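This report refers to the structure that appears directly beneath it.
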2 protein chains.
Amino acid sequence: MPKIVDHDARRRLIIRSVWSLIGRRGLAAVTMRELAAEAGFANGGLAPYFRDKDEILLAAFQYACEATEARLEPAVAERGGLAALRGLCHELMPLDDTRLLEARVVVAFWDRALCDPRMSSAHEVTTDRWRTLMHCCLAQARAYGEITTSTSDEDIVETLFAVAAGFQVHAVLTPTTTTAERQLQVLEALLTSYA
Amino acid sequence: MPKIVDHDARRRLIIRSVWSLIGRRGLAAVTMRELAAEAGFANGGLAPYFRDKDEILLAAFQYACEATEARLEPAVAERGGLAALRGLCHELMPLDDTRLLEARVVVAFWDRALCDPRMSSAHEVTTDRWRTLMHCCLAQARAYGEITTSTSDEDIVETLFAVAAGFQVHAVLTPTTTTAERQLQVLEALLTSYA
(Lines give C-alpha, C1' and ligand atoms only; values in the text may rest on other atoms or scores of the structure.)
Protein backbone atom coordinates (compact mmCIF):
# COMPACT_ATOMS: atom_id res chain seq x y z
CA MET A 1 0.00 0.00 0.00
CA PRO A 2 2.48 2.61 -1.18
CA LYS A 3 -0.05 5.47 -1.06
CA ILE A 4 -0.69 5.11 2.69
CA VAL A 5 3.01 4.98 3.51
CA ASP A 6 3.55 8.13 1.47
CA HIS A 7 0.67 9.82 3.30
CA ASP A 8 2.14 9.05 6.71
CA ALA A 9 5.59 10.26 5.71
CA ARG A 10 4.04 13.44 4.32
CA ARG A 11 2.15 14.06 7.57
CA ARG A 12 5.34 13.68 9.60
CA LEU A 13 7.17 16.04 7.24
CA ILE A 14 4.43 18.65 7.72
CA ILE A 15 4.46 18.24 11.50
CA ARG A 16 8.21 18.72 11.63
CA SER A 17 8.09 21.88 9.55
CA VAL A 18 5.14 23.51 11.32
CA TRP A 19 6.66 22.58 14.67
CA SER A 20 9.11 25.45 14.70
CA LEU A 21 6.47 27.92 13.50
CA ILE A 22 4.19 27.05 16.44
CA GLY A 23 7.21 27.26 18.73
CA ARG A 24 8.20 30.69 17.37
CA ARG A 25 4.80 32.35 17.18
CA GLY A 26 2.42 30.27 19.31
CA LEU A 27 -0.49 28.40 17.80
CA ALA A 28 -3.04 31.16 18.45
CA ALA A 29 -1.12 33.62 16.23
CA VAL A 30 -0.63 31.21 13.33
CA THR A 31 -3.02 30.70 10.37
CA MET A 32 -3.48 27.60 8.19
CA ARG A 33 -2.04 29.67 5.31
CA GLU A 34 1.20 30.31 7.25
CA LEU A 35 1.41 26.69 8.35
CA ALA A 36 1.12 25.63 4.69
CA ALA A 37 3.82 28.12 3.65
CA GLU A 38 6.17 26.94 6.41
CA ALA A 39 5.74 23.34 5.23
CA GLY A 40 6.30 24.34 1.58
CA PHE A 41 2.70 23.74 0.44
CA ALA A 42 0.39 26.00 -1.56
CA ASN A 43 -2.42 27.68 0.36
CA GLY A 44 -4.99 24.94 1.01
CA GLY A 45 -2.37 22.27 0.35
CA LEU A 46 -2.50 20.94 3.91
CA ALA A 47 -6.21 20.05 3.61
CA PRO A 48 -5.67 16.40 2.52
CA TYR A 49 -3.46 15.88 5.59
CA PHE A 50 -4.95 18.11 8.29
CA ARG A 51 -8.44 19.54 8.28
CA ASP A 52 -7.70 22.42 10.66
CA LYS A 53 -5.22 23.91 13.13
CA ASP A 54 -6.53 21.70 15.93
CA GLU A 55 -5.63 18.56 13.96
CA ILE A 56 -2.13 19.94 13.39
CA LEU A 57 -1.74 20.82 17.07
CA LEU A 58 -2.90 17.37 18.14
CA ALA A 59 -0.38 15.78 15.76
CA ALA A 60 2.36 18.14 17.00
CA PHE A 61 1.57 17.22 20.61
CA GLN A 62 1.68 13.52 19.79
CA TYR A 63 4.97 14.07 17.95
CA ALA A 64 6.39 15.81 21.06
CA CYS A 65 5.19 12.94 23.25
CA GLU A 66 6.75 10.33 20.96
CA ALA A 67 10.06 12.23 21.00
CA THR A 68 9.93 12.44 24.80
CA GLU A 69 9.12 8.74 25.11
CA ALA A 70 11.90 7.76 22.71
CA ARG A 71 14.27 9.54 25.13
CA LEU A 72 12.57 8.14 28.25
CA GLU A 73 12.84 4.49 27.37
CA PRO A 74 16.63 4.04 27.48
CA ALA A 75 16.79 6.19 30.65
CA VAL A 76 14.34 3.85 32.35
CA ALA A 77 15.53 0.56 30.83
CA GLU A 78 19.31 0.99 31.21
CA ARG A 79 19.35 2.34 34.72
CA GLY A 80 16.62 1.65 37.27
CA GLY A 81 15.36 2.94 40.61
CA LEU A 82 16.41 6.45 41.58
CA ALA A 83 18.70 6.93 38.55
CA ALA A 84 15.84 6.05 36.21
CA LEU A 85 13.45 8.35 38.09
CA ARG A 86 15.98 11.18 37.79
CA GLY A 87 16.49 10.46 34.06
CA LEU A 88 12.74 10.40 33.49
CA CYS A 89 12.33 13.81 35.18
CA HIS A 90 15.20 15.23 33.12
CA GLU A 91 13.46 14.23 29.89
CA LEU A 92 10.23 15.94 30.97
CA MET A 93 12.02 19.13 32.10
CA PRO A 94 12.85 21.87 29.53
CA LEU A 95 16.62 21.67 30.00
CA ASP A 96 17.79 22.32 26.42
CA ASP A 97 16.56 23.91 23.18
CA THR A 98 14.75 20.76 22.02
CA ARG A 99 12.84 20.39 25.26
CA LEU A 100 12.16 24.16 25.43
CA LEU A 101 10.55 23.96 21.98
CA GLU A 102 8.53 20.93 23.12
CA ALA A 103 7.43 22.98 26.14
CA ARG A 104 6.12 25.76 23.87
CA VAL A 105 4.04 23.27 21.86
CA VAL A 106 2.80 21.60 25.04
CA VAL A 107 1.72 24.93 26.59
CA ALA A 108 -0.23 25.77 23.39
CA PHE A 109 -1.76 22.31 23.57
CA TRP A 110 -2.92 22.70 27.18
CA ASP A 111 -5.08 25.69 26.28
CA ARG A 112 -6.85 23.78 23.50
CA ALA A 113 -7.10 20.61 25.59
CA LEU A 114 -9.12 22.57 28.16
CA CYS A 115 -12.00 22.78 25.68
CA ASP A 116 -11.55 19.87 23.28
CA PRO A 117 -12.35 16.36 24.57
CA ARG A 118 -10.21 14.70 21.88
CA MET A 119 -7.16 16.72 22.94
CA SER A 120 -7.77 16.37 26.66
CA SER A 121 -8.09 12.61 26.26
CA ALA A 122 -4.80 12.48 24.29
CA HIS A 123 -3.25 14.47 27.15
CA GLU A 124 -4.68 12.14 29.78
CA VAL A 125 -3.54 8.96 28.02
CA THR A 126 0.02 10.29 27.76
CA THR A 127 0.28 11.67 31.28
CA ASP A 128 -1.20 8.43 32.69
CA ARG A 129 1.57 6.50 30.95
CA TRP A 130 4.26 8.80 32.35
CA ARG A 131 2.81 8.69 35.84
CA THR A 132 2.82 4.87 35.66
CA LEU A 133 6.48 4.90 34.55
CA MET A 134 7.34 7.17 37.50
CA HIS A 135 5.55 4.80 39.87
CA CYS A 136 7.60 1.87 38.51
CA CYS A 137 10.90 3.70 39.03
CA LEU A 138 9.79 4.79 42.47
CA ALA A 139 8.85 1.24 43.52
CA GLN A 140 12.28 0.06 42.33
CA ALA A 141 14.01 2.90 44.22
CA ARG A 142 12.15 1.88 47.39
CA ALA A 143 13.13 -1.77 46.86
CA TYR A 144 16.80 -0.70 46.47
CA GLY A 145 16.54 1.40 49.66
CA GLU A 146 17.29 4.59 47.69
CA ILE A 147 13.98 6.15 48.73
CA THR A 148 12.65 5.62 52.25
CA THR A 149 10.47 8.69 52.90
CA SER A 150 7.04 8.30 54.52
CA THR A 151 5.63 10.60 51.80
CA SER A 152 3.36 8.39 49.65
CA ASP A 153 4.34 7.41 46.11
CA GLU A 154 1.19 9.16 44.84
CA ASP A 155 2.29 12.43 46.47
CA ILE A 156 5.86 12.09 45.14
CA VAL A 157 4.65 11.45 41.57
CA GLU A 158 2.20 14.35 41.83
CA THR A 159 4.99 16.64 43.08
CA LEU A 160 7.53 15.72 40.40
CA PHE A 161 4.90 15.86 37.69
CA ALA A 162 3.66 19.29 38.82
CA VAL A 163 7.22 20.62 39.06
CA ALA A 164 7.99 19.42 35.51
CA ALA A 165 4.85 21.11 34.13
CA GLY A 166 5.58 24.31 36.08
CA PHE A 167 9.10 24.35 34.67
CA GLN A 168 7.69 23.98 31.15
CA VAL A 169 5.81 27.24 31.69
CA HIS A 170 8.44 29.17 33.61
CA ALA A 171 11.50 28.17 31.59
CA VAL A 172 9.92 29.66 28.46
CA LEU A 173 8.27 32.68 30.12
CA THR A 174 10.90 33.65 32.71
CA PRO A 175 14.05 31.97 31.35
CA THR A 176 16.52 34.10 33.33
CA THR A 177 14.97 32.90 36.61
CA THR A 178 14.04 29.32 35.70
CA THR A 179 17.40 28.28 34.23
CA ALA A 180 18.39 24.68 33.53
CA GLU A 181 20.79 24.87 36.50
CA ARG A 182 18.00 26.03 38.84
CA GLN A 183 15.68 23.27 37.59
CA LEU A 184 18.34 20.62 38.25
CA GLN A 185 19.00 21.98 41.75
CA VAL A 186 15.30 21.91 42.59
CA LEU A 187 15.00 18.32 41.36
CA GLU A 188 18.05 17.18 43.36
CA ALA A 189 16.72 18.86 46.54
CA LEU A 190 13.40 17.02 46.06
CA LEU A 191 15.02 13.63 45.39
CA THR A 192 17.30 14.11 48.41
CA SER A 193 14.29 14.86 50.60
CA TYR A 194 12.81 11.47 49.59
CA ALA A 195 15.97 9.53 50.50
CA MET B 1 -13.72 63.25 34.38
CA PRO B 2 -16.94 61.19 34.45
CA LYS B 3 -16.36 59.75 30.97
CA ILE B 4 -13.13 58.01 32.01
CA VAL B 5 -14.67 56.55 35.17
CA ASP B 6 -17.59 55.19 33.12
CA HIS B 7 -15.16 53.71 30.62
CA ASP B 8 -13.24 51.88 33.34
CA ALA B 9 -16.40 50.51 34.91
CA ARG B 10 -17.57 49.34 31.49
CA ARG B 11 -14.26 47.60 30.83
CA ARG B 12 -14.48 45.76 34.14
CA LEU B 13 -18.05 44.73 33.38
CA ILE B 14 -16.94 43.32 30.02
CA ILE B 15 -14.02 41.47 31.57
CA ARG B 16 -16.25 39.87 34.17
CA SER B 17 -18.74 38.67 31.58
CA VAL B 18 -16.23 37.33 29.06
CA TRP B 19 -14.32 35.68 31.88
CA SER B 20 -16.65 32.71 32.13
CA LEU B 21 -16.80 32.33 28.34
CA ILE B 22 -13.00 32.04 28.13
CA GLY B 23 -13.12 29.64 31.09
CA ARG B 24 -15.80 27.48 29.44
CA ARG B 25 -14.49 27.36 25.87
CA GLY B 26 -10.85 28.48 25.98
CA LEU B 27 -9.69 31.67 24.32
CA ALA B 28 -8.61 29.97 21.08
CA ALA B 29 -12.15 28.75 20.37
CA VAL B 30 -13.84 32.09 21.08
CA THR B 31 -14.52 34.89 18.57
CA MET B 32 -14.89 38.64 19.21
CA ARG B 33 -18.54 38.25 18.14
CA GLU B 34 -19.18 35.66 20.88
CA LEU B 35 -17.32 37.72 23.45
CA ALA B 36 -19.54 40.70 22.58
CA ALA B 37 -22.69 38.57 22.83
CA GLU B 38 -21.61 37.17 26.23
CA ALA B 39 -21.09 40.72 27.52
CA GLY B 40 -24.46 41.84 26.13
CA PHE B 41 -23.04 44.04 23.36
CA ALA B 42 -23.91 44.19 19.66
CA ASN B 43 -21.38 42.67 17.26
CA GLY B 44 -18.51 45.18 17.09
CA GLY B 45 -19.69 46.81 20.32
CA LEU B 46 -16.52 45.84 22.20
CA ALA B 47 -14.31 47.84 19.81
CA PRO B 48 -14.28 51.07 21.87
CA TYR B 49 -13.08 49.06 24.88
CA PHE B 50 -10.92 46.29 23.44
CA ARG B 51 -9.37 46.28 20.01
CA ASP B 52 -8.94 42.51 19.79
CA LYS B 53 -9.00 39.21 21.67
CA ASP B 54 -5.44 39.73 22.89
CA GLU B 55 -6.43 42.95 24.66
CA ILE B 56 -9.33 41.15 26.31
CA LEU B 57 -7.09 38.27 27.37
CA LEU B 58 -4.52 40.67 28.81
CA ALA B 59 -7.26 42.43 30.79
CA ALA B 60 -8.67 39.07 31.95
CA PHE B 61 -5.22 37.98 33.10
CA GLN B 62 -4.74 41.23 35.00
CA TYR B 63 -8.19 40.82 36.54
CA ALA B 64 -7.24 37.28 37.69
CA CYS B 65 -3.99 38.62 39.16
CA GLU B 66 -5.79 41.41 41.01
CA ALA B 67 -8.29 38.91 42.44
CA THR B 68 -5.44 36.63 43.53
CA GLU B 69 -3.56 39.53 45.11
CA ALA B 70 -6.66 40.76 46.94
CA ARG B 71 -6.80 37.30 48.55
CA LEU B 72 -3.03 37.11 49.12
CA GLU B 73 -2.69 40.32 51.10
CA PRO B 74 -4.68 39.41 54.23
CA ALA B 75 -3.09 35.93 54.24
CA VAL B 76 0.35 37.53 54.28
CA ALA B 77 -0.43 40.52 56.52
CA GLU B 78 -2.47 38.78 59.25
CA ARG B 79 -0.29 35.76 59.70
CA GLY B 80 3.42 35.72 58.92
CA GLY B 81 6.23 33.25 58.41
CA LEU B 82 5.25 29.69 57.54
CA ALA B 83 1.50 30.29 57.95
CA ALA B 84 1.69 33.19 55.50
CA LEU B 85 3.76 31.13 53.06
CA ARG B 86 1.17 28.34 53.24
CA GLY B 87 -1.69 30.83 52.76
CA LEU B 88 0.09 32.38 49.78
CA CYS B 89 0.52 28.95 48.13
CA HIS B 90 -3.15 28.12 48.78
CA GLU B 91 -4.24 31.26 46.92
CA LEU B 92 -2.09 30.37 43.90
CA MET B 93 -3.28 26.74 43.83
CA PRO B 94 -6.55 25.83 42.03
CA LEU B 95 -8.34 24.53 45.14
CA ASP B 96 -11.90 25.68 44.42
CA ASP B 97 -14.12 26.70 41.49
CA THR B 98 -12.94 30.33 41.52
CA ARG B 99 -9.28 29.36 41.39
CA LEU B 100 -9.96 26.62 38.82
CA LEU B 101 -11.56 29.23 36.54
CA GLU B 102 -8.56 31.53 37.12
CA ALA B 103 -6.31 28.61 36.18
CA ARG B 104 -8.13 28.19 32.85
CA VAL B 105 -7.64 31.86 31.99
CA VAL B 106 -4.00 31.73 33.10
CA VAL B 107 -3.27 28.66 30.94
CA ALA B 108 -4.80 30.44 27.90
CA PHE B 109 -2.68 33.48 28.76
CA TRP B 110 0.58 31.49 28.91
CA ASP B 111 0.22 30.41 25.29
CA ARG B 112 -0.24 33.98 24.07
CA ALA B 113 2.49 35.31 26.42
CA LEU B 114 4.96 32.98 24.67
CA CYS B 115 4.72 35.14 21.53
CA ASP B 116 3.57 38.57 22.69
CA PRO B 117 6.11 40.77 24.51
CA ARG B 118 3.38 42.88 26.14
CA MET B 119 1.76 39.78 27.64
CA SER B 120 5.01 38.15 28.65
CA SER B 121 6.09 41.35 30.40
CA ALA B 122 2.73 41.52 32.27
CA HIS B 123 3.35 37.90 33.29
CA GLU B 124 6.88 38.63 34.44
CA VAL B 125 5.91 41.69 36.50
CA THR B 126 3.23 39.71 38.33
CA THR B 127 5.26 36.59 38.96
CA ASP B 128 8.21 38.72 40.16
CA ARG B 129 5.91 40.32 42.73
CA TRP B 130 4.66 36.92 43.93
CA ARG B 131 8.15 35.49 44.10
CA THR B 132 9.22 38.50 46.21
CA LEU B 133 6.26 37.94 48.55
CA MET B 134 7.25 34.28 48.93
CA HIS B 135 10.82 35.31 49.75
CA CYS B 136 9.55 37.67 52.47
CA CYS B 137 7.41 34.96 54.10
CA LEU B 138 10.30 32.52 53.83
CA ALA B 139 12.75 34.93 55.50
CA GLN B 140 10.25 35.42 58.33
CA ALA B 141 9.75 31.64 58.66
CA ARG B 142 13.53 31.23 58.93
CA ALA B 143 13.72 33.99 61.55
CA TYR B 144 10.96 32.24 63.55
CA GLY B 145 12.83 28.92 63.28
CA GLU B 146 9.91 27.37 61.38
CA ILE B 147 12.13 26.63 58.36
CA THR B 148 15.71 25.46 58.86
CA THR B 149 16.49 23.43 55.73
CA SER B 150 19.82 23.90 53.93
CA THR B 151 17.89 24.13 50.64
CA SER B 152 18.29 27.74 49.44
CA ASP B 153 15.37 30.18 49.50
CA GLU B 154 15.70 30.55 45.71
CA ASP B 155 15.26 26.80 45.27
CA ILE B 156 12.29 26.69 47.67
CA VAL B 157 10.52 29.57 45.89
CA GLU B 158 11.22 27.98 42.51
CA THR B 159 9.81 24.65 43.75
CA LEU B 160 6.62 26.07 45.26
CA PHE B 161 6.07 28.31 42.27
CA ALA B 162 6.55 25.46 39.78
CA VAL B 163 4.26 23.18 41.79
CA ALA B 164 1.51 25.85 41.83
CA ALA B 165 1.78 26.34 38.05
CA GLY B 166 1.81 22.57 37.46
CA PHE B 167 -1.32 22.21 39.59
CA GLN B 168 -3.01 24.93 37.52
CA VAL B 169 -2.54 22.73 34.45
CA HIS B 170 -3.24 19.34 36.00
CA ALA B 171 -6.22 20.29 38.17
CA VAL B 172 -8.11 21.43 35.06
CA LEU B 173 -6.85 18.69 32.69
CA THR B 174 -6.75 15.66 35.01
CA PRO B 175 -9.08 16.72 37.85
CA THR B 176 -9.70 13.21 39.18
CA THR B 177 -5.96 12.75 39.82
CA THR B 178 -4.98 16.29 40.85
CA THR B 179 -7.70 16.84 43.44
CA ALA B 180 -7.67 19.68 45.98
CA GLU B 181 -6.91 17.10 48.70
CA ARG B 182 -3.89 15.78 46.75
CA GLN B 183 -2.59 19.32 46.14
CA LEU B 184 -2.83 20.13 49.86
CA GLN B 185 -1.02 16.91 50.80
CA VAL B 186 1.79 17.66 48.35
CA LEU B 187 2.18 21.18 49.72
CA GLU B 188 2.27 19.96 53.34
CA ALA B 189 4.89 17.31 52.50
CA LEU B 190 7.04 20.02 50.89
CA LEU B 191 6.67 22.48 53.77
CA THR B 192 7.44 19.69 56.26
CA SER B 193 10.62 18.83 54.31
CA TYR B 194 11.78 22.45 54.79
CA ALA B 195 11.23 22.43 58.60
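The values are calculated or read from the model by the stated rules, or taken from the named source; none is laboratory data. On a predicted model such as this, the values are computed, not experimentally measured, just so you know. Positions of Cβ are backbone-derived with ideal geometry, glycine not excepted, and every protein chain shown enters the neighbour counts. Keep in mind that these areas ignore ligands, DNA and RNA; they rest on the heavy atoms of the full protein, side chains included. Shrake-Rupley method; radii C 1.70, N 1.55, O 1.52, S 1.80 Å.
For B:Glu55, place a label point 7 Å from Cα along the Cα-to-Cβ direction in every copy; what are the distances to the other copies, in nm, shortest first?
Those label-point separations list as 3.5 nm.
Does the protein assembly as shown come out rounded, prolate or oblate by the C-alpha gyration tensor, with a ≥ b ≥ c the root eigenvalues, rounded set by a/c under 1.5 and, if not, prolate when a/b is larger than b/c and oblate if not?
Oblate is the answer for the protein assembly as shown, as a/c is 1.5 or above yet b/c matches or exceeds a/b.
So for the pair B:Ala47, A:Asp128, with labels modelled 7 Å out along Cα→Cβ, what separation do we get in nm?
4.9 nm
Find the relative contact order for region B:35-145 and round it to a whole percent, using C-alpha pairs within less than 8 Å whose residues are 6+ positions apart. Don't skip to the end; give the middle numbers.
Working: 69 pairs, mean separation 31.7, N = 111.
Rounded, it is 29 percent for region B:35-145.
If R0 is 30 Å, what FRET efficiency do you get for B:Ala195 and A:Glu181 from their C-beta distance, rounded to 0.05?
0.70
Relative to the longest principal Cα axis of chain A, at what angle does helix A:2-25 sit, 0 to 90 degrees, rounded to 10?
Between the helix axis and the principal axis of chain A, the angle is about 70 degrees.
Say a label goes 7 Å from Cα toward Cβ at A:Ser17 in every copy; what distances in nm does this one have to the rest, shortest first?
4.5
Using amide H atoms built 1.01 Å from N in the peptide plane, name the residues 5+ places from A:Ile147, or on other chains, whose amide H lies under 5 Å from its own.
Result for A:Ile147 returns A:Arg142.
Which whole-Hz ³J(HN,Hα) couplings does region B:64-70 yield from phi under the Karplus relation 6.51 cos²θ - 1.76 cosθ + 1.60, θ = phi - 60°, glycine and proline marked x?
Ordered by residue, 3J(HN,Hα) equals 4, 5, 4, 4, 4, 5, 4 Hz.
Under the Karplus relation 6.51 cos²θ - 1.76 cosθ + 1.60, θ = phi - 60°, what is the ordered set of whole-Hz ³J(HN,Hα) values for region A:162-178, x standing for Gly and Pro?
Values per residue, Gly and Pro as x: 5, 4, 4, 5, x, 4, 4, 6, 6, 5, 8, 8, 10, x, 6, 8, 8 Hz.
Treating the point 7 Å from Cα along Cα-beta-carbon as the label, what are the nm separations from B:Pro175 to the other copies, to one decimal?
So the distances to the same position in the other copies read 3.6 nm.
Once a ≥ b ≥ c are taken as the square roots of the eigenvalues of the Cα gyration tensor of region A:75-174, is the result rounded (a/c under 1.5), prolate (a/b larger than b/c) or oblate (a/b not larger than b/c)? List each step's numbers first, then the result.
On the way: a/c = 2.16, a/b = 1.65, b/c = 1.31.
Because a/c hits 1.5 or more and a/b exceeds b/c, region A:75-174 counts as prolate.
Which FRET efficiency, nearest 0.05, do B:Tyr144 and A:Ala37 yield, Cβ-Cβ r, R0 41 Å?
It comes out at approximately 0.10.
Run the helix sum for chain B: -39,500 (n - 2.57) per DSSP H stretch of 4+ residues, divided by residue count, reported at 222 nm to the nearest 500 deg cm²/dmol.
-26000 deg cm²/dmol
So, with a 1.4 angstrom probe, what is the percent of accessible area on the protein assembly as shown that is carbon and sulfur? Don't skip to the answer; put the middle values down first.
Numbers: 9100 of 16720 Å².
That share works out to 54 percent.
Using the heavy atoms of the protein chains alone and a 1.4 angstrom probe, what is the accessible area of the protein assembly as shown per residue in square angstrom?
For the protein assembly as shown, the per-residue accessible area is 43 Å².
Region B:136-158 to region B:33-61: how many Å between their Cα centroids?
Using only Cα atoms to place each centre, the spacing works out to 43 Å.
With a ≥ b ≥ c the root eigenvalues of the C-alpha gyration tensor of chain A, is it rounded (a/c under 1.5), prolate (a/b larger than b/c) or oblate? Mind dumping the intermediate values first?
Numbers: a/c = 2.48, a/b = 1.91, b/c = 1.30.
Verdict is prolate for chain A.
For region A:1-125, give the magnitude of the charge dipole about the Cα centre (Cβ charges: +1 Lys/Arg, -1 Asp/Glu; no others), in debye to the nearest 20.
Dipole size: approximately 260 debye.
Of B:His90, B:Val125, B:His135, which is farthest along the charge dipole of region B:75-148 in the positive direction, counting Lys and Arg as +1 and Asp and Glu as -1 at C-beta?
The residue sitting most towards the positive pole is B:His135.
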